[in-house]
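Engineer: Before we start, here is the structure in question, set down as structure tokens.
Just so it is clear, none of the values below were taken in a lab; they were calculated from the coordinates. This structure is a prediction, so every number in the text was calculated from the model and none was measured. FYI the Cβ positions are ideal-geometry reconstructions off the backbone, even for glycines, and counts take in every protein chain you see.
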Amino acid sequence: MKPILDVKGLTRIHGTECPSCLDMTGPEHNTNVCPACGSVVAAANVSFSLQPGEILGIMGESGSGKSTVVKTLYFDQAPSRGSAIFRDDDQSHELFNLNGAEQRWLRNHRFGMVYQNPNLGLNFGISAGGNIAERLLMNDLNHYGDIRRRASELLTRTDVMVSRMDESPKQFSGGMQQRVQIAKALATRPPLLYLDEVTTGLDLSVQARILDLILEIQHELGTAMIVVTHDLGVIRLLASRTLVMKYGRVIESGLTDQILEDPQQAYTQQLVASTL
Amino acid sequence: MNPDYRLPHSQDSYGFGFLDEFAKREIRRVILKAISIPGYQTPYASREMPMGRGFGTGGLQLTLSMIGPDDTLKVIDQGSDDSVNAVNLRKFAELTCPEVSTTESTTEASLIQTRHRVPEIPLREDQVLNLQVPYPDPLVIVEPSEAKRKIMHGEGDYARLLTKLYEDLVKFDEITISHRYPTRINGHYVIDPSPIPRYDVPGLHQSRALLLFGAGREKKIYAVPPYTNAEPLVFDDVPFRTESFYTADGQRRACDRCGSIDSFLDELNLDDGSKAWQCSDTDYCNRQLARTEAGEATQ
């Protein structure tokens, strides 16, 4: 089976880049700010592949570049260098060579994103159902009755009370907001879903229910996912393979069990030891 | 307006039609571009006019750059030839365009400048309608950044506008936009058709006359060329509705003045607290009245 996503050499540098940016930053220099030009190397030479239906975890401390990777793949940011091939049915798309309209099409039709902060993923000015409707409308579903039906199905699936469908997500609890975000992301049945710190800031029982939901969705729909988190519990539960990032570099990658049971890098060992 | 004031067009300071020839040429070129890309908001250098922006300077610049001595001009405001805006703009055109005749008759006019209405009498191919536009961009209610709005227009991305309609249906069981109804032109660009009532929106579809929209303050010109599709934005299962003039017992209200039952009516509050309905298009109303009176005279 061919991977659904092939990322090679993904690099994102903020600032006026100089030739020594990549040589003078990274874990071995203990910084991601280039001492020569002051640019911030958010991610450098990140490469990985993702199989259809697989959940890949990216973990690391804050500022390690894990969100940057997902945001460039979701076209929220443009990468400085690198390539990413997305295979969809028989077609393969070179993500960073597409024009704006093609990127928007993929984003709306084939990708889903759940942000840590529901403010980014939801429009609080409109109702929860409206948020889902927006995504369905972007997919050229133009039938009011069908939109209502589909939105209430999705909210039922994600355990949001349908009776509250027409309320603003502002009035929802954090866990419910996250579930509305997941419903919105799933509206178009995307083959690829990005989850950026979805459970951070939620209490443990709500976290558990959201993680259950994510696993159920993966079993039901076979959605491939990239899960970004600093929470080892989330990684252990969801991801079959994991990348560990520090200062914009992937320092370790492999099967999740292997990484958590037998970490090779000193940083990973510290990370695993500090939580277990 | 000072009735004794005359623009010095006898001297060389002002040419025919107040605008200088460079300005006219630019606006004509922009009009051509707007016609070539139906519904696209073409930017132009809106000139200072001797009246505040927002008083119809966009429509007026269109009119003044197109008008010639053999044209007949009609200016209306909310359907009426006699309201302040219409009278002042007509006077200005009379002052600055010698030999141009003005009229109140829709059929006699070759050029019609209008605020907030499309005339009731269907226009012909040899007529041009210039609409004064306060807010040209329908996306402004969902996206504050103009740069992003331009991209959305370019990609035909109107999902968020439809989301607004969805929210209206959820809250009120009805789309609550009374005027400036977003309308898709020629299958791509969605325009703000200026504050015409919903009643006039179907009139834009496959119109025989050229429809031009000028926004002076926002510096945009756009067009609905003759015989072009203009479809109001709706859901597949929620048909577009115009204003209803039916009473609770199913009677179509008639104009209290001319008795017409097929025109757009204004609701008037009378001094005694009661209400009256009258055609908003005064030329149409006068015409109907004359016809009824002539009919009565022959009987």
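Engineer: With a point put 7 Å past each Cα toward its Cβ, work out how far B:Thr242 is from B:Leu270 in nm, to one decimal.
Structural biologist: 2.7 nm
Engineer: Can you work out ³J(HN,Hα) from phi for every residue in the stretch A:244-255, in order, using Karplus 6.51 cos²θ - 1.76 cosθ + 1.60 and θ = phi - 60°, giving whole Hz and x for Gly and Pro?
Structural biologist: Running phi through 6.51 cos²θ - 1.76 cosθ + 1.60 with θ = phi - 60° gives 10, 10, 8, 6, x, 10, 7, 9, 7, 8, x, 5 Hz.
Engineer: Can you compute the charge dipole magnitude of chain A about its Cα centre, using +1 on each Lys and Arg Cβ and -1 on each Asp and Glu Cβ, nothing else charged? Give it in debye, rounded to the nearest 20.
Structural biologist: Roughly 500 debye, rounded to the nearest 20.
Engineer: For B:Lys171, which lysines qualify as cross-link partners when the Cα separation must be under 26 Å and same-chain residues fewer than eight apart are set aside?
Structural biologist: Here the lysines satisfying the reach criterion relative to B:Lys171 are A:Lys170, A:Lys184.
Engineer: If you don't mind, another one. What range in chain A is the longest one free of GluC sites (Glu not before Pro) that are in a loop by DSSP and have at most 15 other Cβ atoms within 10 angstrom?
Structural biologist: A:168-276
Engineer: Counting Lys and Arg as +1 and Asp and Glu as -1, each charge on the Cβ, what is the dipole of the stretch A:150-276 about the Cα centre in debye, to the nearest 20?
Structural biologist: Computed about the Cα centre, the dipole is about 360 debye.
Engineer: Same structure again: Tell me, in nm to one decimal, what length is gained between A:Ser20 and A:Ser49 on full extension, where the rule is 0.36 nm per residue of separation less the Cα-Cα distance?
Structural biologist: 7.7 nm
Engineer: Pull out the extension gain between B:Ile37 and B:Arg253, defined as 0.36 nm times the separation in residues minus the alpha carbon to alpha carbon distance; nm, one decimal.
Structural biologist: That pair, B:Ile37 and B:Arg253, stretches by 73.8 nm at full extension.
Engineer: Ok, one more. Taking 2.2 N^0.38 Å as the expected size of a compact globular protein, what ratio does the Cα radius of gyration of the stretch B:244-298 give against it, to two decimals?
Structural biologist: 1.21
Engineer: Cross-link list B:Lys164/B:Lys220; A:Lys71/B:Lys164; B:Lys24/B:Lys74; B:Lys33/B:Lys148; A:Lys8/A:Lys66: which exceed 18 angstrom alpha carbon to alpha carbon?
Structural biologist: Pairs exceeding the cut-off: B:Lys164/B:Lys220; A:Lys71/B:Lys164; B:Lys24/B:Lys74; B:Lys33/B:Lys148.
Engineer: Considering just Cα atoms, how many Å³ per residue does the convex hull of the stretch B:21-232 enclose?
Structural biologist: 119 Å³
Engineer: Related question: What is the magnitude of the charge dipole of the protein assembly as shown about its Cα centre, with +1 placed on the Cβ of each Lys and Arg, -1 on the Cβ of each Asp and Glu, and no other charges, expressed in debye to the nearest 20?
Structural biologist: Its charge dipole is roughly 1020 debye.
Engineer: At 7 Å along Cα-to-Cβ for each site, give me the label-to-label distance between B:Ile261 and A:Arg149 in nm.
Structural biologist: Using points 7 Å along Cα→Cβ, the separation is 4.0 nm.
Engineer: If you take each beta carbon of peptide B:164-170 and count the beta carbons of other chains within 10 angstrom, what is the mean?
Structural biologist: Shielding by partners across B:164-170 averages 6.
Engineer: Could I ask something else about it? Under the rule of at least 5 residues apart or a separate chain, name every residue whose amide H is placed under 5 Å from the amide H of B:Ile76.
Structural biologist: B:Gln113, B:Thr114, B:Arg115
Engineer: Ranked by Cβ crowding within 10 angstrom, fewest neighbours first, how are B:Phe245, B:Phe92 ordered?
Structural biologist: The order, fewest Cβ neighbours first, is B:Phe245, B:Phe92.
Engineer: Moving on. Normalise the Cα radius of gyration of the protein assembly as shown by 2.2 N^0.38 Å (N = residues in it) and let me know the number.
Structural biologist: 1.26
Engineer: Where does the protein assembly as shown land at 222 nm, in deg cm²/dmol rounded to the nearest 500, when only DSSP H runs of n ≥ 4 count, each adding -39500 (n - 2.57), divided by all residues?
Structural biologist: Calculated mean residue ellipticity at 222 nm is -9500 deg cm²/dmol.
Engineer: Please report Rg (one decimal) and Dmax (integer) in Å for the Cα set of chain A.
Structural biologist: 19.0, 59
Engineer: While we're looking at this one, here's another question. Taking +1 at the Cβ of each Lys and Arg and -1 at the Cβ of each Asp and Glu, which of B:Leu268, B:Ala254, B:Thr298 sits farthest along the dipole of the stretch B:244-298 towards its positive end, judged by Cα position relative to the Cα centre?
Structural biologist: B:Thr298
Engineer: Also: In nm, to one decimal, how far is the A:Arg236 label point from the B:Glu108 one, both placed 7 Å along Cα→Cβ?
Structural biologist: 9.1 nm
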